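*Asks:* The structure is given below, and queries will be raised subsequently.
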Amino acid sequence: MEKQTSSWFSPSLNKEMPIVSYGYYGLALLLIPTAGADYLEYERFQMIDALAPFIDGGKIKVFSIDSINKESWLNNEMLPEHKAIRHNQFNHYVFEEVIPYIRNNSSNETYIYTCGASLGALHAMNLFLKRPDIINGAISMSGVYDLTEYTKGFWDEQVYFNSPIHYIPNLNDQWYLDKIKASHHIHIYTGSGSFEDPEANKRFSQVLWDKGIWHDLDIWGADVTHDWPTWRAMLPYILETKF
């Protein structure tokens with residue numbers, strides 16, 4: 001398997017940010033880490049091994065980046081207002097730096113999909129919904145789509161605009177809605193076992209249906225828990241059956 005690691009000093013985040021890619025061809029899958037993890041998390045937890053048939057077969061080229069959640073919503077020493085600012089800087093980093101990097105390392109016609117599990121699922125969905133003109137869809141596993149789950153009671157305009165379950169009901173800009181609706185790949189998956197929240201996924205699914213946004217909701221059984229074995233089963237299944 002071809003693996004390439006790179007990094008650059010991010011103007012958006014004011015720090016060096018690494019990125020790793022796996023494969024040489026195929027649709028681009030941008031992995032967003034869980035919680036406070038780094039760009040090699042998916043490799044450490046054998047997700048890249050689970051995706052090897054799709055990578056080696058040229059179906060996907062995988063990219064993975066660092067999270068900055070420890071510098072935003074998971075930083076208990078930081079003012080909530082500053083957490084929101086840092087969150088938006090991360091969004092800007094993805095939109096203005098990572099997506100162009102993927103384009104430069106893929107065909108210009110390559111579709112780009114965000115993907116994440118747990119807190120990464122929220123980010124993956126939010127990034128797509130905010131910029132459906134440059135991201136073509138999202139795969140979100142074991143997520144919740146209400147940012148207030150992580151803000152410890154803090155609420156402001158920036159929380160609202162990064163919390164899909166709050167802003168999607170009020171999204172009436174037809175340009176955005178048409179771009180979102182054009183995606184054939186909005187996949188929302190969760191288990192029903194320990195630390196999963198299937199009801200949160202159902203609520204967000206209903207919000208999307210209410211806006212006429214087609215998506216794929218799949219809730220797995222009570223034996224499916226919030227952990228890596230679940231995601232190593234889910235993501236290959238989605239890629240095999242839905243793409």
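*Asks:* If the cut-off is 28 Å between C-alpha atoms, which lysines fall inside it for K181, apart from same-chain ones fewer than 8 positions away?
*Replies:* Answer for K181, where 28 Å is the Cα cut-off: K59, K61, K130, K202, K211, K242, listed by chain and number.
*Asks:* Please list the non-local residues whose amide H lies under 5 Å from the amide H of V224, H modeled 1.01 Å from N, same-chain partners needing a gap of 5 or more.
*Replies:* S192, G193
*Asks:* If you take every DSSP beta bridge fully contained in the chain, what fraction is antiparallel? Give it as a percent rounded to 5.
*Replies:* On the way: 12 of 35 bridges.
Percent antiparallel among DSSP bridges in the chain is about 35.
*Asks:* Taking the Cα centre of the range 3-242 as origin, sum charge times position over the Cβ atoms of Lys and Arg (+1) and Asp and Glu (-1), and report the length of that vector in debye to the nearest 20. Mind showing how you got there, number by number?
*Replies:* Values: 19 positive and 29 negative charges, 80 e Å.
Computed about the Cα centre, the dipole is about 380 debye.
*Asks:* Positive end of the dipole of the range 134-243, charges at C-beta (+1 Lys, Arg; -1 Asp, Glu), about the Cα centre: which of W209, W155, I135 has its Cα farthest in that direction?
*Replies:* After comparing all options, I get I135.
*Asks:* Another one. Just the C-alpha atoms of the chain: what Rg/Rh do they give, with Rh taken as the Kirkwood radius?
*Replies:* Working: Rg = 16.7 Å, Rh = 18.0 Å.
Looking at the chain, the ratio lands at 0.93.
*Asks:* Compare the Cα positions of G26, S118, Y176 along the charge dipole of the range 3-242 (+1 at Cβ of Lys, Arg; -1 at Cβ of Asp, Glu; about the Cα centre) and return the one farthest towards the positive end.
*Replies:* Value computed over the given set: G26.
*Asks:* Gap in Å between the Cα centre of the range 1-25 and the Cα centre of the range 138-163?
*Replies:* 26 Å
*Asks:* For the residue pair W214 and F9, what label-to-label distance in nm results when each label sits 7 Å from Cα along the Cα-to-beta-carbon direction?
*Replies:* Reported label-point gap for W214 and F9 is 4.7 nm.
*Asks:* Starting from the Cα-Cα distance between N172 and A200, subtract it from 0.36 nm times their residue separation and give me the gain in nm to one decimal. List each step's numbers first, then the result.
*Replies:* Values: separation 28, 0.36 × 28 = 10.08 nm, distance 2.29 nm.
Using 0.36 nm per residue and subtracting the Cα-Cα distance, I get 7.8 nm.
*Asks:* May I ask you to order 231-243, 109-121 by the average number of other C-beta atoms within 10 Å around their residues, highest value first? Display every interim value, and only then the final one.
*Replies:* On the way: 231-243: 17.2, 109-121: 22.8.
Final packing ranking: 109-121, 231-243.
*Asks:* Work through the residues other than Y42 whose Cβ is under 11 Å from its Cβ and net out their charges, Lys, Arg +1 and Asp, Glu -1.
*Replies:* On the way: positive: R44, R232; negative: D38, E41, E43, D49.
Neighbour charge sum, excluding Y42 itself: -2.
*Asks:* Same structure again: Under 19 Å from a point 7 Å along the Cα-to-Cβ line of D49: which residues of the range 200-243 have their amide N that close?
*Replies:* Answer for the range 200-243: 227-237.
*Asks:* Continuing with the same structure: Contact order normalised by length for the chain, with contacts defined as Cα pairs under 8 Å and 6 or more residues apart; what percent is it? List each step's numbers first, then the result.
*Replies:* On the way: 454 pairs, mean separation 38.6, N = 243.
Over the chain, the number comes to 16 percent.
*Asks:* Please compute the modelled spin-label separation between Y160 and A182, points set 7 Å along Cα→Cβ, answer in nm with one decimal.
*Replies:* 2.8 nm
Values in this text are rule-based calculations from the coordinates and carry no lab data. Keep in mind that what you see is a predicted model, and the values were worked out from it rather than measured. Cβ atoms come from the backbone with ideal geometry, glycine included; neighbour counts cover every protein chain shown.
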